Amino acid sequence: MATKPKLVLLGPPGSGKGTQAEILARELGVPHVSTGDMLRGAVEEGSALGRKVSGLMNAGALVDDGTMAEVVRERLGRSDARGGFLLDGYPRNRAQAETLEAILSASDRDLDAVVLLEVPEEELVARVAGRGRSDDSEEVIRERLRVYREKTEPLVDYYDQRGLLRPVDGVGAIDDVNDRILEAIG
Ligand code: AP5
Ligand code: MG
């Protein structure tokens with residue numbers, strides 16, 4: 001990749017998207033754009049956005065596509081994301097994937113790759129148990145997993161058909177997973 005990469009990290013809750021994105025963003029010199037972190041920041045600030053989304057997040061439900069489109073359009077329009085970015089937590093359904101394509105093509109950009117972090121379900125639940133986020137109780141993590149399977153997992157085929165999917169084994173030491181991702185994106 002001559003220019004900086006434009007990447008999406010896809011994977012179920014607890015698969016290590018945030019953990020890996022933080023490391024990769026440093027290595028690749030691109031901003032880590034986490035919609036979950038942005039929404040949690042809004043909740044902490046008590047902004048209008050935060051008040052709108054906190055109930056949904058605590059229930060493990062998705063925030064509506066229109067709200068998310070505004071958040072992502074604004075963030076990817078900032079100068080630091082012009083060259084490249086690492087999206088974590090977006091898109092989460094087909095409509096969001098189409099919105100992302102539209103946002104990028106409006107500025108003559110497109111995705112370079114979609115990294116899929118693969119981790120078995122039992123390990124996902126064990127990883128987030130006791131992390132302490134307000135949406136990490138066993139009941140809510142099960143609901144987030146259900147929503148992932150129903151709404152987000154279809155994006156695996158969607159991106160595979162576009163030749164963008166790079167599946168990576170997400171189990172093992174954090175550094176080993178990082179090495180696998182770097183190899184997968186070339
Ligand atoms: P979001 O914040 O995106 O959460 P998530 O996708 O459910 O995933 P997590 O952040 O819990 O997991 P992760 O994959 O980042 O793993 P992590 O690195 O933390 O979304 C939260 C909510 O916001 C959603 O439910 C929704 O309400 C809303 N939202 C966000 N985006 C939205 C959108 N686009 N549309 C609509 N709504 C949206 O790792 C997990 C744990 O495992 C950590 O404790 C970590 O230390 C550990 N770990 C990491 N790697 C390893 C490893 N290799 N081995 C062992 N442990 C590891
Ligand atoms: Mg995360």
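The figures follow:
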{"item": "Under-5 Å amide H pairs with residue 116, H placed in peptide plane, nonlocal only", "result": "10, 166, 168"}
{"item": "Nitroxide proxy distance, nm - points 7 Å out along Cα→Cβ at residue 3 and residue 179", "result": "3.2 nm"}
{"item": "The range 80-129, Rg to Rh (Cα coordinates; Rh as Kirkwood inverse mean 1/r)", "result": "1.10"}
{"item": "In sequence order, calculated HN-Hα J values of the range 126-137 (Karplus, 6.51, -1.76, 1.60; Hz; x Gly/Pro)", "result": "4, 5, 7, 4, x, 6, x, 6, 5, 9, 9, 5"}
{"item": "The range 35-186: Rg to Rh, with Rh as the Kirkwood radius over Cα pairs", "result": "0.95"}
{"item": "Check: the range 54-96 dipole with +1 on Lys, Arg Cβ and -1 on Asp, Glu Cβ, in debye", "result": "140 debye"}
{"item": "Rounded to whole Hz, the Karplus (6.51, -1.76, 1.60) HN-Hα couplings of the range 116-125, x for glycine and proline", "result": "9, 8, 9, 9, x, 4, 4, 5, 4, 5"}
{"item": "Local electrostatic count, residue 40, Cβ distance below 11 Å [Lys/Arg +1, Asp/Glu -1]", "result": "-3"}
{"item": "Length gained when the stretch residue 150-residue 56 is fully extended (0.36 nm per residue, less Cα-Cα span)", "result": "32.2 nm"}
{"item": "For the range 75-85, Karplus couplings with θ = phi - 60° (6.51, -1.76, 1.60), whole Hz, Gly/Pro x", "result": "5, 6, x, 6, 4, 5, 9, 4, x, x, 6"}
{"item": "The chain, dipole about Cα centre (Lys/Arg Cβ +1, Asp/Glu Cβ -1), debye to the nearest 20", "result": "520 debye"}
{"item": "Residue-span extension gain [residue 67 to residue 133] - 0.36 nm each, minus C-alpha spacing", "result": "21.5 nm"}
{"item": "Estimated inter-spin distance, residue 80 and residue 95, nm [label 7 Å along Cα→Cβ]", "result": "3.0 nm"}
{"item": "Farthest toward positive dipole pole in the chain [+1 Lys/Arg, -1 Asp/Glu at C-beta], among 106, 186, 19", "result": "106"}
{"item": "Most to least accessible of 4, 17 (protein chains only, probe 1.4 Å)", "result": "4, 17"}
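The values are calculated or read from the model by the stated rules, or taken from the named source; none is laboratory data. Predicted model, so just to flag it, every value in this text is computed and none were measured. Cβ atoms come from the backbone with ideal geometry, glycine included; neighbour counts cover every protein chain shown. Note: areas computed on protein heavy atoms with side chains; ligands, DNA, RNA excluded. Shrake-Rupley method; radii C 1.70, N 1.55, O 1.52, S 1.80 Å.
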